[in-house]
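Please read the structure below before turning to the comments.
The values are calculated or read from the model by the stated rules, or taken from the named source; none is laboratory data. Owing to the predicted nature of the structure, the values given are computational and were not obtained by experimental measurement. Quick reminder, even Gly has a Cβ in these numbers, built from the backbone with ideal geometry, and neighbours come from all protein chains shown.
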């Protein structure tokens, strides 16, 4: 990807926005639309770029959040290391909030892409969060900042606000 962008996902997102703008211009012009519509290549290419970028963006931003909820290093010979568990949950809270802020700045070229992206993120987040909290609930009660419903609502609010921007 281009060296003008800090991350590959930023470069891909730039490509998606540009391809979407081109697509809008083409479909707005009857002559260009006639030329392009003879071959679905442009639509397929745009769709592929959108999907690829959404998945890359999601992996980069949300993988850091989900990484906090791993079991590695939590178990000790005599049980759960409560200090590490506490640190992981606090880091999860911080990274989750940071991810929501970063995602709120994204511009999605279409509501369908945004909705697919939202569902993918929400499913992964809830699956991992539910498993983690389920395993360690009795050790975490006083450190749990977000309920399962809170997480879903916050993610929905971020992407709903993004879609309206």
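Are any of the residues in region 52-63 outside any helix (DSSP H, G or I) and at pLDDT 85 or above?
Checking region 52-63: not a single residue is outside any helix (DSSP H, G or I) and at pLDDT 85 or above.
When residue 105 is evaluated against the numbered criteria (1) at pLDDT 85 or above; (2) surrounded by fewer than 18 Cβ atoms within 10 Å (Cβ to Cβ), which criterion, by number, is the only one it fails?
Unmet condition: (1).
Among the residues of region 34-44 satisfying the criterion of being at pLDDT 70 or above and assigned to a helix (DSSP H, G or I), which is nearest to residue 90 (Cα to Cα)?
44
Go through region 148-165 and give me each residue that's surrounded by fewer than 17 Cβ atoms within 10 Å (Cβ to Cβ) and modelled with pLDDT under 90.
Those that are surrounded by fewer than 17 Cβ atoms within 10 Å (Cβ to Cβ) and modelled with pLDDT under 90: 148, 149, 152, 153, 154, 156, 157, 160, 161, 163, 164, 165.
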